[in-house]
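Taking it in order: structure first as structure tokens, then the write-up.
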Amino acid sequence: MTNPTFPFLPALAVIALFVPAAARADMPVPVRDMIDAAIATGDEAKVRIVIDIARSTNPGDGGELDAILARYETQLAEAKAAQEEAQVAEIRDAGLFENWSGRGELGAFRATGNSSNTGVTAGLNLNREGIKWRHRVTGRVDYQRANGVTTREQFLVRYEPNYNISDDFYVYALAQYERDRFQGFSGRYAVSGGIGYKVLNEEGLNLSLKAGPAYRVTEFVDGRSESRIAGLIGVDFDWDITDKLKLTHDTSAVAEAGGAAIAIIDSNNTSIDLVTGLNAQINSSLAARLSYAIEYDSNPPPGAVQTDTLSRVTLIYDF
């Protein structure tokens, strides 16, 4: 896709100086100056438009215009290749704390289920893209306190490194910690590893699936503790509806099956986290987000209900 913002394209203004004189000698000076000016802008689309216009207004100069375009395309390909090599080298040489990007999120929520209230929500997502590796760190806090009593206190921290096997397949590892006393557990730890597949990986449209075995430890608020073999299934969907509107959907399901084969039908406890969100871009760094989450436990502790829902309205800042 043509991208006029490449930082190296202004340097292509020198292309006109390298076009053989024989290919430029008979061309009218105003036409030659117009092409040189287009090249100097660094806008590939503009260069091609100007050359097309020159063909229609100067049909006798077709050969000379072909020579200029061929020379321009060669220089453009070389410049892009050099840019890509420089980017790869920069990634390879980056230190552990370099090349991270992320987003912070702050807003309000409305919860139903084991608690019914409104409160404050905050989140942080960090990403680091490498040649083969990708690292994701996620943190979220939902908190509400009224009249000196805490009525919502949920924490989530997740770290997931991925390694690309090919353009479509990757392997993942995952470590996760959750805390939600109102759902009945003071701590829930999970580790998992498996394989993922990028079903769709296009500009503005991404869908990936992952699955693998998992091990989960749950510490209940009544002092009990359970450790179980589990299986993890994940879905990640992102769709840029327009330049400023984006739909996201993430599903993560863990089915505990004791040590038996993973089967949802007779599993001991299945937990599902489903989050669907709509992002509206305000400017290059700031977006508004409306999301709806469903948290389901098929076998919750005594006194807790199976399903919680959480509606969030937040502002997101990309950095």
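Taking the condition assigned by TED's automatic domain parsing to the domain that holds Pro30 and loosely packed, with under 14 Cβ neighbours inside 10 Å, does Glu78 pass?
Spelling it out, Glu78 is indeed assigned by TED's automatic domain parsing to the domain that holds Pro30 and loosely packed, with under 14 Cβ neighbours inside 10 Å.
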Which numbered condition trips up Asn147, out of (1) closer than 15 Å to Leu310 by Cα; (2) free of Cβ contacts under 8 Å to residues at least 40 places away in the same chain?
(1)
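Checking the condition assigned by TED's automatic domain parsing to the domain that holds Tyr296 and either within 30 Å of Lys198 (Cβ to Cβ) or in contact with a Cys (Cβ under 8 Å, 6 or more places away or on another chain) (or both), which residue from Asn125, Asn147, Asn114 passes?
Values: Asn147 fails: either within 30 Å of Lys198 (Cβ to Cβ) or in contact with a Cys (Cβ under 8 Å, 6 or more places away or on another chain) (or both); Asn114 fails: either within 30 Å of Lys198 (Cβ to Cβ) or in contact with a Cys (Cβ under 8 Å, 6 or more places away or on another chain) (or both).
Among Asn125, Asn147, Asn114, only Asn125 is assigned by TED's automatic domain parsing to the domain that holds Tyr296 and either within 30 Å of Lys198 (Cβ to Cβ) or in contact with a Cys (Cβ under 8 Å, 6 or more places away or on another chain) (or both).
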So, Leu207, is that one over 24 Å from Thr307 (Cα atoms) and surrounded by 16 or more Cβ atoms within 10 Å (Cβ to Cβ) or not?
yes
Find all pairs meeting these conditions: Cβ atoms under 6 angstrom apart; at least six residues apart or on different chains; first residue within the stretch 226-242 and in contact (Cβ under 8 Å) with a residue 24 or more places away in the chain and assigned by TED's automatic domain parsing to the domain that holds Gly194; second residue in a loop (DSSP other than H, G, I, E, B) and of a type in the set (Gly, Ala, Ser).
Ile229/Gly259; Asp240/Gly204
Given Phe155, Phe169, which one is of a type outside the set (Lys, Arg) and closer than 26 Å to Ile241 by Cα?
Phe169
Return a yes/no flag: does the stretch 157-168 have any residue that is surrounded by fewer than 14 Cβ atoms within 10 Å (Cβ to Cβ) and either touching a residue at least 40 places away in the same chain (Cβ under 8 Å) or of a type in the set (Val, Ile, Thr) (or both).
yes
Among residues of the stretch 81-131, those that are within 23 Å of the chain's Cα centre (by Cα), in a loop (DSSP other than H, G, I, E, B) and either basic (Lys, Arg) or exposed (fewer than 14 other Cβ atoms within 10 Å of the Cβ) (or both), counted:
6
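Sort through Glu98, Glu105 and tell me the only one that's free of Cβ contacts under 8 Å to residues at least 24 places away in the same chain and among the charged types (D, E, K, R).
On the way: Glu105 fails: free of Cβ contacts under 8 Å to residues at least 24 places away in the same chain.
Of the residues listed, the single one that is free of Cβ contacts under 8 Å to residues at least 24 places away in the same chain and among the charged types (D, E, K, R) is Glu98.
The values are calculated or read from the model by the stated rules, or taken from the named source; none is laboratory data. This one's a predicted model, so the numbers in the text were calculated from it and none came from an experiment. Ideal geometry is used to build each Cβ from the backbone, glycine not excepted, and the neighbour counts take in all protein chains shown.
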